[in-house]
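The values are calculated or read from the model by the stated rules, or taken from the named source; none is laboratory data. Keep in mind the model is a prediction, meaning the values are calculated, not measured. Note that we place each Cβ from the backbone using ideal geometry, even for glycine, and neighbour counts take in every protein chain shown. Heads up: the accessible areas ignore ligands, DNA and RNA and are worked out on the full protein's heavy atoms, side chains in. Shrake-Rupley method; radii C 1.70, N 1.55, O 1.52, S 1.80 Å.
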Amino acid sequence: MRFDVEPGHPLFGRAVPCVCRHDTLEQRRRKRLFAMSHLDELGHLTFETFQPRGRIGIGPQQAASIEAAYNTAKQFAANPQGWLLLMGGYGCGKTHLAAAIANQAVSQGMPTLFLTVPDLLDFLRSAYNTQDATFEARFEEIRQVPLLVLDDFGTQSATPWAQEKLFQILNFRYINRLPTVITTNLMLSEIEPRLRSRLQDPELVTRVHIQAPDYRRPMDDTGHPELSTLGLMGKYTFGNFSLREDEHLPRRDAESLRKAFEAARAFAENPQGWLIFTGPYGNGKTHLAAAIANYRAGLGYPPLFVVVPDLLDHLRATFNPNSTTTYDRRFEEIRTAPLLILDDLGTQATTPWAREKLYQLFNYRYNAELPTVITTALPMEEIDARLRSRMLDTRLSKIHLITAPPYYNAMRKRRRG
């Protein structure tokens, strides 16, 4: 049918469906969007099948981020308004929550389109080679769908055409405040500036960062985080730490060893603040740090244990063109670790780049008050002043100077005896 309007009116000469056919056409639209979304293949991804507290073996901070994302996604599904941006690494649950939102919206009769971003772009490209629909028709359907769920934003090819189409779609939905869900494993700094500015609008966008590891490959072959060298330190426990009582150490040395041991055990039970072990090489600092790490791992909360020079090597490796991860993502993984144990601070190369990276790492964890263990053989006055000022803050840090001589000195005496 056509409206009886004057020439020049937006509806003049335009065919529109009869009201009597509206319900039928709307039902067809929903079925078409459902088929395009392949939601029949994702029907098992619901809020009921999601584990809102995460799985066994992740830390409390990671579990809290999963629960917060679950609650936020569920609230959005109940009342889809504004934008929801789900951020996090591969396998942390973003797609499950996005699909759960889509499935619930569809069950409530809301026309919904769920697509990975690469599939969305392929869907648009294919319109150039089909008689079923024009490119303009498909483009408008995507721009105006009542609920759009874009999964895996950032995995698409970054061609000028792809960037322009995504910007046009998201900019239209941004201007018109249309409900939109986006999942990405990118940092905001890695997103194209025009889109980043819209994703940072707090009045429209709710951002949720899921810090959980990949459930498909959360640990390395030793059961520890990928960057951790704790798998090589399994022999170091509180049970086999020697207080060297049979050596008749000077009282001051024996007392420093005992206090450090007790502090390490207390920290392992309840990691809070920073714990710093200083003193000469070979007197038990690394053993105590590894014992803390092994104790936490035994409780199901494996920390990130890394020697400082290795940590910097991991960051440098991301600059390799063949690296499978970006510098931003690797650095974020390190600085936000629920428990970070840095062994041998001071043995790294003292280049300006290394000093700057360590400062950024220390400063972030200092401001966030994230549990951290540090071992160093350097006297405090020889540590970079910016790091030292944070390590010396008694509101956050507890420093234990172990004055006992190296263990291997005692072993030499026993051999001679």
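With both labels modelled 7 Å from their Cα along Cα-to-Cβ, the Q272 to T46 distance reads 4.2 nm. The distance separating the Cα centre of region 347-392 from that of region 314-337 comes to 19 Å. Highest average first, the peptides 305-316, 341-352, 88-99, 194-205 ordered by how many other beta carbon atoms sit within 10 Å of their residues are 88-99, 305-316, 341-352, 194-205. Full extension of the chain segment joining K74 with Q168 gains 31.0 nm, where the gain is 0.36 nm per residue of separation less the Cα-Cα distance.
Charge dipole (Cα centre; +1 on Lys/Arg Cβ, -1 on Asp/Glu Cβ; no other charges) of region 310-417 amounts to roughly 620 debye. Using the 1.4 Å probe convention, the accessible area of region 244-291 works out to 48 Å² per residue with neighbouring protein chains retained.
Hey, any idea what % of region 184-332's accessible area is carbon plus sulfur with a 1.4 Å probe?
Accessible surface attributable to carbon and sulfur in region 184-332 totals 49 percent.
With respect to the cross-link table entries K285/K357; K94/K398; K357/K398; K94/K165; K235/K357, which display a Cα-Cα separation exceeding 29 Å? In this structure, K94/K398; K235/K357 lie more than 29 Å apart at Cα.
Mind ordering 146-155, 319-328 by average Cβ neighbours within 10 Å, highest first?
Values: 146-155: 20.6, 319-328: 10.7.
Highest to lowest by the protection proxy: 146-155, 319-328.
Compared with the alpha-carbon gap, the fully stretched path from N176 to W161 is longer by 3.1 nm at 0.36 nm per residue. What part of the accessible area of region 74-122, given as a whole %, is carbon or sulfur when the probe is 1.4 angstrom? Carbon with sulfur: 49 percent of the solvent-accessible area.
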